[in-house]
Structures are given as C-alpha cells and as structure tokens.
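Below is one structure; the comments refer to it alone.
The values are calculated or read from the model by the stated rules, or taken from the named source; none is laboratory data. All of these numbers come straight from a predicted model, not from anything done at the bench. Note: ideal-geometry Cβ built from the backbone for every residue, glycine included; neighbour counts use all protein chains shown.
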Amino acid sequence: MSFYINGIGAVSPQKSFAEALSSKPAVHYGNQLHCQEPDYTAFIDARQLRRLSRIVKLSIAASSQAVQDAAPAIIDGVIVGTGWGCIEDTVTFLEKMVENQEEALSPTAFIHSTHNTIAAQVAFQLKCKGYNTTYSHRSISFESALLDAALLLAETPAQTLLVGGVDELTNTSFSILSRFDLFKQPQELGSDSLFSLGTAGTVAGEGSVFFAVSGVRTEHSYCQVAAVQTLSFGSTDDAVEAARKMLQRHGLPAVDLLLLGNNGDSKEDKHYDSFETNFTQQGQTLKFKHLCGEYPTASAFGLGLGATLLKQNLSLGSVPQSVLFYNCSPQSHQALVLLRAC
Amino acid sequence: MNALVTGGGIICALGTSEAEVLASFRAHRSGMNAAEFLQTRHRAGYVFGEVPLSNQALAERHHLSPTLSRTILLSYHAARAAYDTIPANLRQVSRIGFISATSVGGMDKTEQFFEDYLVDKAAGDLGQVMHHDCGRATDFVARELGIKDFVTTISTACSSSANALMLGARMLKAGLLDIVIAGGVDPLTRFTFNGFNTLMIVDPEQCKPLDATREGLNLGEGAAYLVLMSEQAAQALPASVHCRLSGYANANDAFHQTALSDQGEGPYLAMQQALQKADLQPSDIDYINMHGTGTRNNDLAEGTAIRRLFGGVYPKLSSTKSFTGHTLAASGAIEAYLSVLTVTGGYVFPNFSFRQPVETLDLIPETEFYQHATMRHVMSNSFGFGGNCSSLIFSRT
C-alpha cells in the first residue's frame with residue numbers, strides 16, 4: 001500500500017517548508033499562529049475571489065501549488081481531511097439564525113458550511129469529476145484521507161490524487177476552544193520557545209496542506225509513503241509496538257528521523273517523550289508544531305515538512321533516508337506514517 | 001472479493017427497528033408529521049420526519065445520559081442493533097472497524113450553546129459545544145461498543161453514509177479489517193432546517209418526490225448502519241442472511257455547490273461506475289432506491305441521468321424519502337438498509353404518492369409496498385451538496 005508524494009502545496013503560518021526548515025523560520029507571538037496568506041489572484045480569478053470563503057481560498061491556493069509542483073497529466077480525485085470543517089461559514093449562519101430568531105436568513109453561509117465544501121471547490125476549480133470525499137474525524141482526519149488514497153492507489157497506481165489536510169482558526173473557534181483551557185497564556189511566548197516552557201497548554205494553529213500523490217514515481221517525487229496507520233483508544237505502548245512492527249515489515253532496523261507532533265503542552269508531550277525514548281538512539285528527532293500550531297490536521301503540515309526534508313536533503317547532519325511520523329491526541333487517536341527516500 | 005452484508009440497525013421517522021419500519025411501509029404510513037421535539041419557531045407550518053422518541057426516552061432505553069447529543073443517541077441506537085447481530089465468538093477473533101458519517105455532528109447541542117454564548121462569550125455550557133465535531137459521536141459509539149481496530153468519520157453532506165459503506169467494503173477487500181459497521185447519522189436541527197428553508201427547497205407539506213408537482217424536500221432524521229463482513233469472516237454464518245455489496249462508485253458533478261447539472265453528469269458517472277464495479281448491465285438492476293429528494297433540481301437531474309444510463313427501459317424505482325424525509329448524512333445508509341431488505345426479502349418500497357411524472361421524463365415510481373420474488377440487484381443513490389454523488393449496488397449471494 002505504498003505510494004509517492006509527487007507534489008506539495010501549502011498555505012500555513014510559514015511562508016514555505018524551506019523557510020520552516022531554515023535556521024530562521026517565522027516566529028509568531030501570542031498563542032495563535034495564523035497563515036501567511038498568498039496573493040490569491042495568482043490562483044483564483046479575481047471575480048470569483050470575492051465569493052469564496054477563506055478556508056476555500058487557502059485550499060485552492062494550496063491545491064493549485066501541489067498540482068503545479070507535481071505537474072500530472074490530470075487529477076483523478078480529491079480527498080480532504082478537516083477536523084473543524086468550514087467553521088467560519090458555520091458560525092456565520094448559526095449567529096444569524098440565533099440573532100434573527102430564524103427569520104430573514106441568507107442561504108450563502110449555509111451553502112458553504114458543509115465540511116465537503118473544501119474538496120468540492122477544489123474539484124470544481126480543476127473540473128475533476130473523479131473520486132471526491134471528505135473525512136472529519138478529529139486528529140486523524142488527514143490520516144483517514146491518506147489511508148483512503150493508499151487504498152485507491154493500491155488498486156489503480158497510475159493515477160494522481162490530491163490529498164489535503166485543512167483547518168481554519170477563527171475568532172469564534174479560538175474563543176470557544178480557549179474556554180477548554182487548551183492554550184498557553186499569550187504573554188508567555190514566542191512560538192520558538194514552545195517546547196522550553198514546560199507548562200500546560202499549547203498554541204492554536206491552522207493551515208491548508210495538499211499533496212499530489214500517485215502510485216507511480218516521477219522525476220518530481222519527494223518520497224515514498226511506505227505506510228499509514230491510525231490507532232484508536234490505545235496507549236502509547238500500543239503505538240510503539242505498531243511502529244516497531246511497521247519498521248520490521250519494511251526491513252528497517254531503525255529510522256533516520258523521528259518526526260513528532262509535540263505541542264508544548266506538558267500533559268500531552270509526556271506521551272511523545274515516552275514514544276521517543278523507544279526510538280531516539282536510532283536517529284534524530286524533529287518537532288514541528290512550533291511552526292504551525294496545534295490543530296486537528298496539523299499532521300498534514302508535519303508530513304509536508306518530512307517529505308520536503310527527504311527530497312531536498314536539507315539534512316540535519318546526515319541525509320535522512322527514512323522518517324517515522326507520530327502524532328497523537330492522548331486517550332483518543334494516534335497516527336503513524338512511514339516516509340522513505342525514493 | 002465482495003463485502004457481504006450480514007446485518008444492520010436502523011432508526012428513522014418510521015420506527016426504531018426493522019420490524020417497525022416495515023410495518024409503516026405495510027400500512028402506507030409516512031413518517032412526516034408536525035415536530036414534537038425540534039424546537040424551531042417554524043414548527044407549526046412544516047412537517048418533519050422526526051424520530052418518535054425524545055432524547056430522554058432514547059437515553060433511557062440505552063442507559064445513556066440524556067444530555068448527550070441527539071446525534072450520539074440516534075447513532076448509538078442503530079449501531080448497537082447492528083453490532084448485536086455479530087455473533088459473540090466472531091467479535092472476539094475479528095478486526096472490527098466503525099465508519100460513521102454525519103453532516104452536522106453535534107449541531108443540535110451547538111445551537112443551544114450559541115443561544116447563551118452570543119449573549120456573553122463566557123457563557124454557554126461547554127458540555128453542549130463539546131459535542132460539536134463530527135468525530136465526537138463516532139468515538140463515543142465506538143468506545144461504547146468496544147470497537148477500536150479502525151474508527152473514522154466521513155462528511156460529504158447528503159452522500160456521507162453511502163461513502164462510509166463504500167470505504168468499509170474497500171477496507172475489507174484490502175484485507176485491513178474482517179468486519180466493518182458502516183453507516184451514518186444526522187439529527188434534525190434548526191441549523192439544517194433553516195439552511196434548507198432559506199434555499200427555498202423545503203416543502204411545508206408532505207413532499208412529492210418524482211412528481212411533476214413536487215415542491216421540495218421534507219427534512220428527516222435518523223441513523224442506520226450495516227454490518228459488512230469479508231467472505232471469510234461470514235463463513236460461520238448461515239448463507240440466508242447475506243447479500244453482497246457488489247458495486248459502488250463515487251463521482252463529482254463539478255458543476256455547482258448546491259445544484260446538480262441538468263444532464264446529471266455526477267449521478268450518471270456514479271451509477272455507471274457502480275455497474276462497472278459490479279460487472280453488471282443496466283438491465284440487470286431490478287430496483288433503484290433513488291436519491292429522490294423532491295426538489296425540482298434533484299429529481300430532474302437524477303431522472304435524466306437514469307434515462308441516459310437505462311435508455312427507455314427503467315427498472316422498478318421509488319424514493320423512500322417520501323416516507324422517511326431527507327435524513328441527510330443518514331439517508332445513504334437508511335436507503336442502503338432498505339435496499340438490502342429488497343434483495344434479501346424481496347420488498348419493493350413505494351413512493352408515498354404519485355400523480356404525474358417529472359417533466360420530460362416518463363419515470364413512474366412504484367406506489368404500493370409488496371414482495372416480489374426476483375429482486376437480484378438493487379441500486380441505491382445518494383447525492384449531496386458539493387456535487388458529491390455516490391451509488392451502491394446490493395446483490396443476491
């Protein structure tokens with residue numbers, strides 16, 4: 001069930017993955033990391049632009065970049081993972097409905113509120129009538145999309161699919177999530193110090209990262225996705241065991257790089273630390289959520305980073321040949337992805 | 001290798017079990033009534049396909065908290081029934097997955113939260129809004145059932161649970177799981193009702209799908225899940241309970257966010273590719289459970305696509321949404337459940353009413369509920385916002 005990443009596009013709190021991997025990634029102050037948005041007119045017709053919601057713009061820009069990067073003949077399908085969906089349009093319609101007591105509503109926000117609006121609009125831009133679906137399952141929304149792509153490509157390798165992980169951070173979502181004590185105090189930090197505070201809470205993030213994937217390796221290929229696995233309701237030990245089996249199946253005694261979803265929350269990071277201790281003697285470790293913040297599909301940003309490393313060899317010393325990615329939301333879901341140079 | 005359907009669970013306006021649902025069809029009793037539980041201010045002027053149980057009653061029946069979202073309560077009710085059809089010894093030795101689908105997650109609770117939150121950003125019960133995301137209900141139900149080998153949620157508007165069934169079949173085929181409980185749920189919410197109502201596609205009275213005089217859809221609610229098994233896992237079961245999920249396809253209309261193209265390109269592709277997958281000809285299909293929402297756009301586009309694919313020779317067809325209402329993300333699974341009954345029990349499901357065919361099409365739906373011996377292959381269509389179109393085919397083993 002392996003396949004290749006042949007193109008990547010992203011709109012994220014970093015200008016690019018190259019910048020994110022450089023010695024000077026963008027540092028965000030406070031507890032929210034918002035996207036650095038591009039000039040959308042490079043991707044979207046100016047007349048259309050006004051009508052599109054922000055999350056769709058983020059996604060059309062990112063998916064267009066992925067298509068340009070991979071330069072496939074055609075796109076055969078679009079699969080999106082999103083934890084929160086189109087939260088801005090959802091809230092807009094909800095607010096009006098409550099405030100106006102269900103009278104005099106405009107349908108526009110409702111029309112764009114469904115989770116599948118993102119994949120639909122990306123397909124619409126590309127006039128892609130192929131497979132189209134959307135996963136919304138918390139921290140494994142993107143990994144579910146990736147697994148679906150792996151299944152499709154195992155059946156028909158010679159096609160190119162767009163797989164995206166997308167979530168937006170809005171004032172309302174931040175205001176409500178804050179009340180669950182998820183985030184650090186804003187005065188505490190610049191995002192570069194996320195892992196050194198050792199306090200509770202993380203920083204909120206957002207992003208849209210799309211991958212053009214295929215069962216066929218091309219001159220544009222970044223790396224091979226050798227395995228994708230999600231675990232539900234298991235322990236860190238279960239993930240360690242699954243990771244060991246995954247490496248064994250692929251004949252890898254060790255990996256060169258461990259890519260971890262630590263988010264700076266002392267309560268959560270201890271799970272990553274425990275995972276890491278089982279693998280660290282074998283290679284180096286890279287964390288990424290100080291670059292993109294925490295959000296349900298942050299793993300798409302993490303994998304973009306890992307894939308870029310494998311292609312560009314912007315190595316941390318030695319050139320990595322294999323990357324083991326691990327992300328978790330404690331007590332619910334864990335995800336493992338194995339990337340290999342190709 | 002085909003996925004075998006060996007059981008399921010259903011709850012909708014027609015009843016809380018298969019027996020109750022069949023009894024409603026037998027009595028030609030539509031589930032569309034005045035809303036008893038949905039707290040919309042428009043409730044006086046409209047009919048709804050509401051499940052005839054309060055949250056309290058649903059919760060009591062399953063020893064759950066009545067403060068849970070209606071999404072969870074409905075999902076649990078149907079998924080529990082489906083899970084209970086799996087023999088205990090098989091549960092122990094099998095890798096089991098739960099793939100659910102919803103379009104609005106716990107919106108029924110979120111809209112209550114917003115009443116308070118909009119007055120004061122520090123107000124509102126977090127115990128309500130914590131149910132908001134789509135995965136919440138899936139996780140709750142999976143944990144209650146003890147399923148952990150694979151869990152995810154699909155959200156492709158009104159085609160959601162058809163896609164959940166499709167993913168389940170594909171995971172079995174790939175050998176990743178032995179058994180999958182797949183389907184979907186959506187509760188009635190003010191959010192979805194007002195959304196569809198502002199689009200002016202809600203018929204305040206009993207809807208009339210596939211009729212020239214149709215004026216829109218009725219919203220409904222419910223949940224349904226099918227138990228899908230690999231052939232190997234199903235070996236221990238008596239063959240009589242089986243049918244096959246023999247074909248499935250997903251295509252996109254790539255035309256408009258909320259309307260289908262005139263020629264029904266997405267529906268056509270979904271149906272055509274599902275036939276291809278099942279290695280069947282259009283003439284092999286004995287009955288189509290249409291998406292048939294009752295909106296002017298859907299029924300014309302779907303009908304046109306059927307005419308293109310089937311030539312002038314139509315199989316039996318109907319829209320059971322005229323009985324259940326449009327249950328959104330649950331509709332694909334509810335209609336798949338009914339389609340399985342058609343294959344295994346020979347039940348032909350009718351339209352609630354029918355007077356004259358959709359303009360330019362001569363599609364004549366079934367109007368009586370009856371049993372017919374030779375129903376070998378049944379097609380079930382589900383289309384949604386965003387051009388998402390899916391088609392499933394169930395076949396005799």
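Side notes on the structure shown:
- Tally of residues being facing another protein chain (nearest Cβ under 7 Å) and surrounded by fewer than 22 Cβ atoms within 10 Å (Cβ to Cβ) across segment A:93-110: 8
- Scanning segment A:153-187 for residues that are under 18 Å from B:K173 (Cβ atoms), at the interface with chain B (Cβ under 10 Å from one of its Cβ atoms) and among the aliphatic types (A, V, I, L, M) returns a single hit, A:A154.
- Residue within segment B:119-127 that is of a type outside the set (F, W, Y), more than 30 Å from B:M271 (Cβ to Cβ) and at the interface with chain A (Cβ under 7 Å from one of its Cβ atoms) present: yes
- Every listed requirement among (1) in a helix (DSSP H, G or I); (2) of a type outside the set (F, W, Y); (3) closer than 22 Å to B:L126 by Cα is met by B:A81 save one, (3).
- Any hit, segment B:229-244, residues being under 18 Å from B:S331 (Cα atoms), of a type outside the set (D, E) and buried (at least 22 other Cβ atoms within 10 Å of the Cβ): no
- So A:T90, is it at the interface with another protein chain (Cβ under 10 Å from one of its Cβ atoms), surrounded by 24 or more Cβ atoms within 10 Å (Cβ to Cβ) and closer than 28 Å to B:K121 by Cα: yes
- Residue in segment A:245-263 that is within 23 Å of B:R95 (Cα to Cα) and hydrophobic (A, V, I, L, M, F, W, C) present: yes
- In segment A:28-81, the residue that is nearest to A:A10 (Cα to Cα) out of those that are aliphatic (A, V, I, L, M), within 14 Å of chain B (Cβ to nearest Cβ) and not in a strand (DSSP E or B) is A:I60.
- Only residues that are free of Cβ contacts under 8 Å to residues at least 60 places away in the same chain, under 15 Å from B:F140 (Cβ atoms) and outside any helix (DSSP H, G or I) were counted in segment B:101-124, giving 2.
- Residue identified as touching a Lys or Arg at 6+ places or on another chain (Cβ under 8 Å) and either crowded, with 20+ Cβ neighbours inside 10 Å or not assigned by TED's automatic domain parsing to the domain that holds A:S59 (or both) among A:L310, A:L286, A:L305, A:L291: A:L310
- Each residue in segment B:137-153 was checked for being surrounded by fewer than 24 Cβ atoms within 10 Å (Cβ to Cβ), more than 8 Å from chain A (Cβ to nearest Cβ) and not in a loop (DSSP other than H, G, I, E, B), and 3 of them qualify.
- The single condition among (1) in contact with a helix residue (DSSP H, G or I) (Cβ under 9 Å, 6 or more places away or on another chain); (2) on the phi > 0 side of the Ramachandran plot that B:M200 does not satisfy is (1).
- For segment B:117-142, residues that are out of contact with any Gly (no Cβ under 7 Å at 6 or more places or on another chain) and not β-branched (V, I, T) total 15.
- Of the helices (runs of 4 or more DSSP H) lying entirely inside segment A:226-342, those carrying at least 3 residues that are under 16 Å from A:A20 (Cβ atoms) and either within 14 Å of chain B (Cβ to nearest Cβ) or more than 16 Å from the chain's Cα centre (by Cα) (or both) are A:298-312.
- If you check B:T6, B:T40 for being out of contact with any strand residue (DSSP E or B) (no Cβ under 8 Å at 6 or more places or on another chain) and either at pLDDT 95 or above or more than 30 Å from B:K173 (Cα to Cα) (or both), only one passes: B:T40.
- Selection of segment A:147-169 for residues being surrounded by 21 or more Cβ atoms within 10 Å (Cβ to Cβ) and β-branched (V, I, T) yields A:T160, A:V163, A:V166.
- Pairing residues of segment B:383-397 that are part of a strand (DSSP E or B) with residues that are basic (K, R), at Cβ distances under 7 Å and at least 6 apart in sequence or on separate chains, gives B:F394/B:R244; B:S395/B:R244; B:S395/B:R376.
- Filter result (touching a strand residue (DSSP E or B) at 6+ places or on another chain (Cβ under 9 Å) and more than 7 Å from chain B (Cβ to nearest Cβ)) within segment A:120-152: A:V122, A:L126, A:S139, A:S141, A:F142, A:E143, A:A145, A:L146, A:L147, A:A149, A:A150, A:L152
- Unique match (being touching a strand residue (DSSP E or B) at 6+ places or on another chain (Cβ under 8 Å) and surrounded by fewer than 20 Cβ atoms within 10 Å (Cβ to Cβ)) among B:T67, B:T85: B:T85
- When segment B:27-74 is limited to residues that are β-branched (V, I, T) and either on the phi > 0 side of the Ramachandran plot or in a loop (DSSP other than H, G, I, E, B) (or both), the one that is farthest from the other protein chains (Cβ to nearest Cβ) turns out to be B:V51.
Yes or no, residue by residue, for (1) closer than 16 Å to B:N297 by Cα; (2) in contact (Cβ under 8 Å) with a residue 40 or more places away in the chain; (3) outside any loop (DSSP other than H, G, I, E, B):
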site	(1), (2), (3)
B:P204	no, yes, no
B:E215	yes, yes, no
B:N250	no, yes, yes
B:L269	no, yes, yes
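- Residues considered: B:I86, B:I181. Of these, the only one that is closer than 26 Å to A:V228 by Cβ, outside any helix (DSSP H, G or I), away from every other protein chain (no Cβ under 12 Å) and within 25 Å of the chain's Cα centre (by Cα) is B:I181.
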